[in-house]
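For reference, the structure is listed below as C-alpha cells.
What follows is calculated from the coordinates using simple rules that are stated; it is not laboratory data. All values derive from a computational prediction rather than experimental measurement. In this analysis, Cβ positions are derived from the backbone assuming ideal geometry, glycine residues included, and neighbour counts consider all displayed protein chains.
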Amino acid sequence: MLTTVIKELDVGIHVVNKNGETILYNHKMSAIESMNAQDVIGKNIRDVFQFPHEQTSTLLQALEKKQTTKNVKQQYFNNKGEEIITINHTYPFLYNDKLEGAFEIAKDVTKIEKLIRQNRQNQNTRYSFDSIIGTSTAIKEVIEDAKRVTRTPSSVLITGETGTGKEIFAQSIHNGSDRADQPFISQNCAALPDSLIEGLLFGTKRGSFTGAADHPGLFEQAHGGTLLLDEINSLNPNLQAKLLRAIQEKTIRRVGDTKDRTIDVRIISTINEDPINAIAEGRLRKDLYYRLSVVSLFIPPLRERLEDIEPLMKHFIDLYNYKFHMNVTGVANETLHQLYSYDWPGNVRELEHMVEAAMNLMLDEEEITMTYLPRIFQQRFLSQKQTQVVKVEAPIVNDFQRKDRLPLKAYLDNIEEQYVNAALSEHDGNISRAAEALGLSRQNLQYRIRKFKNKQG
C-alpha cells in the first residue's frame, strides 16, 4: 500500500540503495525527467544522468555525507540529453545508525527557469558564468569569487584591461543574483559628454532647461535591479560627487527637481586601469572608490593566462562556423605556438577579431594557419621570431666583447626572459606546467612574466 501511495504522489520521489542504484521511482519523477521507470530502476544514477560543471547528484551527496539537504536547486540532463532543473529535499536513510540508502523529494522548476532565462535575454543580459571561457587557475579563481558575490547586494568594482570581458562578468553576477528578474541597465561613462550624462543618470524635470521633459534616469530605470557604470574613471569629479551621494543616501534627485526619490539599485562599475593610479592622477575620487569597491574583482589580461588561448580559439571557431556556415576544425599547431608568444594588448576581444578575420579569408581549409591571419599579426610574429633567433644564437663571448655590452644584471635578465619564454612555448602557454618545469611556483612565474612585460612597455 505504501509503495502504491508513493507512486501516485504529486511530487517526484526517487529512492536509491547504498550503492546509488535506484530501487523506487514514482510516476511524477518519471514525468519530470521524461524517462520510463525501466530506464532507471536497478541502475546506478551515475550511469543514467549527467551533471554539468563537476557537480554531482544530491542523492549521491546524501550517501557520501550522510546529511539532509533541503531546497537545493539541481541542474542535470536525462538519458536523452534534455535539461532538467529541480528543487530537491534529500535525505539519507539510516537503520540502526547504518547507511542503507537515500531518497529525494523533487519539485520541477524547469519551465520556470527557462522563462526567467528568456526574460534575461529580453533585457539584453545574455551572459552568465557559463559564457566565460577558460581553464586557467587565474580565470577560475575570479569566476569563483564572482559567484560568491551574487549572494549580496554590495557594490562591485571590476578592474581589467580593455577586452578582458568585464561586462560579461557584470551580467553574470546580475543573472546569478536574486535580482535576475529585475532590470539590468548598462552605461559607458565615456560615451557621452558631461552635459548629457547627468540627466541620463539622474533624470530630468520638465522645464529644468529648454526642451526638458519629465524623464526617469538610469538609476530609476534600474530600480530593484543592477546598474553597470562602465569606465567609471571617465566621469568628471562633480558628477562623481553626485554619484557618491546617491550611493550613500540611496536617493537621487532629477536635474531641475527639488524632490528626492528613493532607489534600490546594485552598482557594478568597471575601470580599465589601476584604481590607485586613477586616484593619484585625479581621475577617480578616493571616497567614491571606497564606496564602489566593497568587493573588487581583477580580471587578468590574456597574456597572463595563455593556457586559455586554445579553449577560446575553439569557442570562437565554433561561433563563426555557425555564423559563416563553415567547417573549420581548429588552428595549426605552429600557428598556435606563435599565438602564445604574442602580448595580446586587446585581450580576448582581439583574439575573437583575429579568428573572425582569418575565417573571412578561408575557403575550404580545415585549419587556421599563419597565411590567414591579418597582416599586422604576421608582421609582428615574424619580427618577434627574428629577434628571438638573434638573441639565442649570439655567443656569450661576442656579447661581452661588444662596446655597447650590457651590465651583467641586464644581460642575465635577457637570458632569463628567453628561458621562461621557451618553457611557456614548450608547454603551450600553460603557466602551471611551465612553472613546474622551471622549478618555480605559479605565482613566482606570473611575477616574472609581468616583470618582462613591464620592461618591454
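Dividing the mean sequence gap of close Cα pairs (under 8 Å, 6+ apart) by how many residues the chain holds gives a relative contact order of 11 percent. Note on Q379/I133: beta-carbon distance plugged into 1/(1 + (r/R0)^6) with R0 of 25 Å gives a FRET efficiency of 0.35.
Our helix-only sum for the chain, with -39,500 (n - 2.57) per DSSP H run of n ≥ 4 divided by its residues, gives a mean residue ellipticity at 222 nm of -13500 deg cm²/dmol. At full extension, E304 and R126 could sit 61.4 nm farther apart than now, given 0.36 nm per residue minus the alpha carbon distance. Place a point 7 Å from Cα of T369 in the direction of its Cβ. Which residues in segment 318-343 have their backbone N less than 13 Å from it? In segment 318-343, the label zone of T369 (backbone N under 13 Å from the point 7 Å along Cα→Cβ) covers 331-336. Shape class of segment 2-108 from the alpha-carbon gyration tensor: rounded, with the ratio a/c of largest to smallest axis under 1.5. Taking 0.36 nm per residue of separation and subtracting the current Cα-Cα distance, fully stretching the chain between E281 and N79 would add 66.9 nm. Straight-line reach from K18: taking Cα to Cα under 17 Å and skipping same-chain neighbours fewer than 8 places apart, the lysines in range are K43, K65, K66, K98. FRET efficiency for the pair R151 and I41, taken as 1/(1 + (r/R0)^6) with r the Cβ-Cβ distance and R0 = 41 Å, rounds to 0.60. When the charge dipole of the chain is built from unit charges on Cβ atoms (+1 for Lys and Arg, -1 for Asp and Glu) and taken about the Cα centre, the candidate among P52, I41, M370 whose Cα reaches farthest toward its positive end is P52.
Based on C-alpha pairs under 8 angstrom that are at least 6 apart in sequence, segment 2-108 has a relative contact order of 27 percent. Of all beta bridges that DSSP places with both ends in the chain, some 60 percent have antiparallel geometry. Take the Cα of R450, step 7 Å toward its Cβ, do the same at K107, and the gap between the two points is 4.7 nm. Computed from point charges on the beta carbon alone (+1 for Lys and Arg, -1 for Asp and Glu), the dipole magnitude for segment 161-294 about its Cα centre is near 500 Debye.
For segment 2-108, with only Lys/Arg (+1) and Asp/Glu (-1) charged at the beta-carbon, what is the dipole magnitude about the Cα centre, in debye rounded to 20? The dipole magnitude comes to about 240 debye.
Going through (1) 287; (2) 137; (3) 232, the figure that equals volume of the Cα convex hull per residue in Å³ as computed for the structure here is (3).
Simple point charges give the picture: +1 on the Cβ of Lys and Arg, -1 on the Cβ of Asp and Glu, and for segment 213-349 a dipole about the Cα centre of about 620 debye. Toward the positive end of the charge dipole of the chain, with +1 on the Cβ of Lys and Arg and -1 on the Cβ of Asp and Glu, the farthest Cα among L361, I185, L284 is that of L284.
Shown for M362, M313, M29: other C-beta atoms within 10 Å of each C-beta, ranked fewest to most, produce the order M362, M313, M29. Extension gain, D318 to L408: 0.36 nm times the residue separation minus the Cα-Cα distance gives 27.5 nm. Sequence-ordered 3J(HN,Hα) estimates for segment 104-109 from the Karplus curve with 6.51, -1.76 and 1.60 and θ = phi - 60° stand at 9, 10, 10, 10, 7, 10 Hz, glycine and proline given as x. Placing a label point 7 Å from the Cα of D274 along the Cα-to-Cβ direction, the residues of segment 156-196 whose backbone N falls under 20 Å from that point are 157-164.
How high is the relative contact order of segment 307-372, in percent, with contacts defined as C-alpha pairs under 8 Å that are six or more residues apart? Kindly include the intermediate steps, with their values, before the conclusion.
On the way: 54 pairs, mean separation 27.6, N = 66.
Normalised by residue count, the contact order of segment 307-372 is 42 percent.
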